[in-house]
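Undergrad: This structure is in structure tokens; I'll ask about it shortly.
The values are calculated or read from the model by the stated rules, or taken from the named source; none is laboratory data. Every value quoted in this text rests on a predicted model; they were computed, and no experiment measured them. All Cβ positions, even for glycine, are placed from backbone atoms using ideal geometry, and neighbour counts span all protein chains on display. The protein model used for the area step is the full one, side chains on, heavy atoms only, and it has no ligands, DNA or RNA in it. Shrake-Rupley method; radii C 1.70, N 1.55, O 1.52, S 1.80 Å.
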Amino acid sequence: MTTTSIDTGTPDLLASLDTGVLTLTLNRPDARNAMSREMNQALQKQLASAEVDPAVKCIVLTGAGKGFCAGGDVKGMASSGDGTVGALTIDQAIHVQRINQRETAGRLFKMPKPTIAALPGAAAGAGLSLALACDLRIMSSAAIMTTAFARVGFSGDYGGTYFMTQLVGAAKARQLYLLSERVSAEEALALGLTNWVCAPEALAERTREIALRLANGPTVAYRYMKENLNRAMAGEVDDCLDLEATHHIHCGQTEDHREASRAFVEKREPVFSGR
């Protein structure tokens, strides 16, 4: 299948679709892919579209050049003298921030399709939050993670405190937020902050391999699986059991399940159709 480039409306975000995999590339390499307003708005639109587009089976979020995302544009904040409000009232700024967060990190986490963050380099601040919002993470051995917020006098945004606490526990999350320590790729793997680490030159190919496996998988089951896992993070055990029962029975009625059962008996790999 030929790769299709998608016009995002800004050079700050690149998008392409290939064999069911939508790749979104944060594209401000000279600024370590720090988030601009244009990048944020384009990312929101692309994620909203991807969630309901049947051609998109898996989403990969990555960064151009040697970095993933440095988070907010601190230089821009410093030049304006106001990192959060600008011309808005405080209430208006809070409302805009809530929308920005829910439509990016929140959507990556909740959308019923697998999401992968591929980190060629540093993920810091809100950039780290975006990476942690994804279902899976793969890091170059040269990449690092850092919350960074304390270094610039911020408390943290884009759901990082939630995702970090869920992944590594409260004590380690507090340490990483309060001290803004740099976490190497190998340490991130040991902590459970990333799923894989590979050589820098192998990152693109390894990411594609994982993304294609997911894109060719049972999409209905993946949708229910994500809902089960997300609800389990805060739900009661009976709620989880009931939800699993409902979703499991539904999956049993899909063509994907029937095909997988036939493939199991015939000792071959299943070919999923997403139905």
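Undergrad: Suppose we filter the range 225-246 for residues that are touching a residue at least 60 places away in the same chain (Cβ under 8 Å) and either of a type outside the set (A, V, I, L, M) or open to solvent by 90 Å² or more (accessible area, probe 1.4 Å) (or both); how many remain?
TA: The total comes to 3.
Undergrad: Quickly run through the range 218-243 and pick out the residues that are over 18 Å from the mean Cα position of the chain (by Cα) and outside any helix (DSSP H, G or I).
TA: Those that are over 18 Å from the mean Cα position of the chain (by Cα) and outside any helix (DSSP H, G or I): Pro218, Ala234, Gly235, Glu236.
Undergrad: Determine which member of the set Ala202, Ala173 is within 26 Å of Met111 (Cβ to Cβ) and not aromatic (Phe, Trp, Tyr). Talk me through it step by step, then tell me what you get.
TA: On the way: Ala202 fails: within 26 Å of Met111 (Cβ to Cβ).
So the residue among Ala202, Ala173 that is within 26 Å of Met111 (Cβ to Cβ) and not aromatic (Phe, Trp, Tyr) is Ala173.
Undergrad: Can I ask one more? Those residues that are within 22 Å of Ala131 (Cβ to Cβ), part of a strand (DSSP E or B) and open to solvent by 20 Å² or more (accessible area, probe 1.4 Å), I need them from the range 1-16; list them, please.
TA: Selection gives Ile6, Leu14, Ser16.
Undergrad: Still on this structure, I have one more. Restricting the range 247-269 to residues that are open to solvent by 40 Å² or more (accessible area, probe 1.4 Å) and part of a loop (DSSP other than H, G, I, E, B), which is nearest to Tyr224 (Cα to Cα)?
TA: Per the criteria, the residue is Gln253.
Undergrad: For the range 86-131, how many residues meet the condition of being out of contact with any strand residue (DSSP E or B) (no Cβ under 8 Å at 6 or more places or on another chain), buried (at least 24 other Cβ atoms within 10 Å of the Cβ) and of a type in the set (A, V, I, L, M)?
TA: 1
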